[in-house]
Amino acid sequence: MESFEYRGGVLHCEEVALPVLAAEFGTPTYVYSRRALIERYDALAEAFAPLNPKLCFAVKSCHNTHILRLLGEHGAAFDVVSGGEVFRAITAGADPGDIVFAGVGKTDSEIAAAIEAGVGCFNVESEAELAVLAGLAEQGGKVVQVALRVNPDVDAHTHPYTTTGKQENKFGIDLDCARELFKHYSGHSWVRVSGVHMHLGSPVNTVDPYVQAIGKLLGMIDELRAAGVGIDLFNLGGGWGAGDGETPSANPAEYARSIVPLFKGRDLRIHLEPGRSIAANSAVLLERTIYIKEGCVRRFVIGDAAMTDLIRPALYQAYHFLWPVEPGDGFVPPHHRSDLKLPGCVEVDVVGPVCESGDFLAKGRWLPPVKRGDLLAVFSAGAYGAVMSSQYNSRPRAAEVLVDGDTLRLIRRRETYDDLIAAEEGL
Ligand SMILES: Cc1ncc(COP(=O)(O)O)c(C=O)c1O
């Protein structure tokens with residue numbers, strides 16, 4: 001059974017009809033399905049089970065502490081990129097040893113605090129960072145585990161803003177430099193540099209870029225081992241497709257089928273850092289239509305959700321399927337692609353109230369007739385959705401609700417006007 005499906009013409013999340021949820025919590029609201037989160041986590045864990053990986057959920061994709069706690073209790077470790085994310089993961093109950101810390105610009109205070117907390121692995125992105133980390137580890141009197149994030153110069157064929165494994169990107173260390181660093185730091189007293197990390201981009205919808213990059217890095221590991229440098233950890237990063245856009249993506253079993261055999265007999269501990277593939281299709285953003293506006297050349301559906309709630313369409317032209325919660329007879333959508341054009345549908349742009357022409361959730365979509373007050377659901381909103389929201393135009397952030405069967409739990413209240421000025425001193 002799908003976690004989000006139309007029943008009797010009404011969109012449900014698990015056992016809850018979304019109009020009931022909207023009446024209780026208002027709009028815009030992020031609605032997460034517990035079942036969907038767990039099912040997607042399990043699908044990856046099962047596919048990669050032969051490698052016995054540590055699944056480090058990418059906190060950046062969906063950082064609500066309740067969701068982190070849910071995944072942590074289900075066995076997840078965590079991938080973080082800031083001191084704030086370390087704080088969130090630990091608040092959610094994570095064992096610090098199950099946290100891996102990436103990011104190109106970790107500050108000294110973030111590093112020192114993470115060493116003090118006992119973070120399990122630092123995914124180091126530059127020679128300069130490694131030197132700082134070594135110094136701070138010595139000062140803190142603790143030996144730290146390091147994986148060098150190697151930039152394999154492989155094209156992930158994703159949006160330029162979310163490609164991270166090409167030479168021109170700021171991420172990681174090129175192969176030659178990484179080789180030298182592994183040798184230089186081999187046997188160091190305070191940093192145990194024995195891991196290789198990569199992350200190619202997000203989403204990486206096909207298996208090929210992984211296979212190419214893993215091939216390059218395994219070659220480097222062979223050379224290093226031959227030179228007496230011990231490497232015992234390989235972190236494959238995230239980017240696993242969720243099938244959340246227009247482009248089809250491989251599923252966990254397909255990724256695993258090509259990747260698992262590459263590690264046969266390699267004697268490496270494996271880390272994975274999935275975010276989107278677990279969270280994206282586990283939530284919808286629920287909004288209510290405020291006005292229908294007939295422009296000179298376009299018809300606008302103006303809803304109460306904006307780029308401040310979901311910036312992905314404005315930021316990188318991300319596609320989100322969007323549809324009325326109660327679409328009417330004959331309009332239950334058979335699929336989620338942008339070319340869906342059922343008889344009787346009308347072409348519209350779905351926009352928000354923010355004062356920017358970039359404030360849209362969907363452009364040129366054929367939707368069933370929508371009127372003021374109708375609810376719309378923006379699908380695949382669970383990853384890089386609520387986490388990227390802002391208060392621009394002094395808009396309080398949306399509520400977040402977690403559905404489990406027929407129970408509803410408010411996991412983040414809607415912000416208030418007082419929240420908007422809470423950090424402004426001396427008022
Ligand atoms: C280092 C690292 N790991 C993991 C991820 C998670 O990627 P995704 O959500 O596509 O799985 C990201 C996302 O940008 C990342 O930068």
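If I take every Cα pair under 8 Å that is 6 or more residues apart in the chain, average their sequence separation and divide by the length, what percent do I get for the relative contact order?
Rounded, it is 19 percent for the chain.
Among F360, F171, which comes first, then next, by fewest other beta-carbon atoms within 10 Å?
F360, F171
For the chain, with the dipole built from +1 on Lys and Arg beta-carbon atoms and -1 on Asp and Glu ones, taken about the Cα centre, which of V325, G140, V59 lies farthest toward the positive end?
V325
Anyone know which of G195, G245, G295 comes out most mobile in the 10 Å Cα GNM of the chain?
It is G295.
Quick one: what are the phi-derived ³J(HN,Hα) couplings along region 185-194, Karplus 6.51/-1.76/1.60 with θ = phi - 60°, whole Hz, x for glycine and proline?
Those phi angles translate into 8, 4, x, 4, 6, 10, 10, 9, 8, 10 Hz.
With charges set only on the Cβ (+1 for Lys and Arg, -1 for Asp and Glu), what does the dipole of the chain come to about its Cα centre, in debye to the nearest 20?
Its charge dipole is roughly 400 debye.
So for the pair E415, A128, with labels modelled 7 Å out along Cα→Cβ, what separation do we get in nm?
Here the modelled spin labels are 3.2 nm apart.
Can you bin region 34-278 into rounded, prolate or oblate? Criterion: square roots of the alpha carbon gyration tensor eigenvalues sorted a ≥ b ≥ c, rounded for a/c under 1.5, prolate for a/b above b/c, oblate for the rest.
Oblate shape, in that a/c is at least 1.5 and b/c is the bigger or equal ratio.
Taking neighbour counts of Cβ atoms within 10 Å as a proxy for exposure, in what order, fewest first, do Y417, Y6, Y291 appear?
Arranged by neighbour count, lowest to highest, Y417, Y6, Y291 become Y417, Y291, Y6.
Take K170 and F87, extend 7 Å from each Cα along the Cα→Cβ direction, and tell me the distance between the two endpoints in nm.
2.1
How high is the relative contact order of region 34-278, in percent, counting Cα pairs under 8 Å that sit 6 or more residues apart?
Taking the mean separation of contacting Cα pairs over the length of region 34-278, I get 21 percent.
Provide the FRET efficiency to the nearest 0.05 for the E425-N52 pair, computing r from the beta carbons and using R0 = 41 Å.
0.25
Please report the spacing between the Cα centers of region 116-141 and region 56-80 in Å, no decimals.
Between the Cα centres of region 116-141 and region 56-80 lies a distance of 23 Å.
Would you compute, from DSSP H runs of 4+ residues alone, the mean residue ellipticity of the chain at 222 nm, taking -39500 (n - 2.57) per run and dividing by the full residue count, rounded to the nearest 500?
Calculated at 222 nm, the ellipticity per residue is -8000 deg cm²/dmol.
Normalised by the residues of region 1-79, what does the relative contact order come to in percent, with Cα pairs under 8 Å and at least six apart?
21
Does region 35-75 come out rounded, prolate or oblate, given a ≥ b ≥ c as the square roots of the eigenvalues of its C-alpha gyration tensor, rounded meaning a/c under 1.5 and, failing that, prolate meaning a/b above b/c?
Prolate, because a/c is 1.5 or more and a/b exceeds b/c.
For region 221-251 and region 342-420, what is the separation of their C-alpha centers, rounded to whole Å?
Rounded to whole Å, the Cα centres lie 34 Å apart.
log₁₀ I(q)/I(0) of region 159-259 at q = 0.10, 0.24 Å⁻¹, via Debye over equal Cα point scatterers, no solvent, to two decimals?
Cα-only, vacuum Debye calculation for region 159-259: -0.33, -1.29.
R7 versus H157, label points 7 Å from Cα toward the beta carbon: distance in nm?
3.9
Given the pairs K60/K216; K106/K166; K60/K166; K341/K363; K293/K341; K216/K264, which span a C-alpha to C-alpha distance of over 19 angstrom in this model?
K60/K216; K106/K166; K60/K166; K293/K341
Give me P(r) over the chain, computed from all C-alpha to C-alpha distances, binned every 20 Å, as integer percentages.
Calculated P(r), rounded to whole percents: 26, 53, 20, 1.
What list do you get for M307, M388 if you sort them by fewest beta carbons within 10 Å?
Ranked by crowding around the Cβ, least crowded first: M388, M307.
Just for the chain, what percent of DSSP beta bridges are antiparallel, to the closest 5?
Restricted to the chain, the bridges split so that about 50 percent are antiparallel.
Would you mind calculating the gained length between A23 and K293 on full extension (0.36 nm times residue separation, minus the Cα-Cα distance), in nm to one decimal?
Here the answer is 94.7 nm.
If every alpha-carbon in region 1-74 counts as one equal scatterer, what log10 I(q)/I(0) does Debye give at q = 0.14, 0.15, 0.17, 0.27 1/Å?
Debye output, listed in q order: -0.58, -0.65, -0.78, -1.26.
Report, for region 34-278, the % of DSSP beta bridges that are antiparallel, rounded to 5.
Of those bridges, close to 5 percent are antiparallel.
Taken together, the values in this text are just the output of simple stated rules run on the coordinates, not laboratory data. As the structure is a computational prediction, the values presented were derived from the model and not from experiment. Counting neighbours? That spans all protein chains shown, and the Cβs are built from the backbone with ideal geometry, glycine included.
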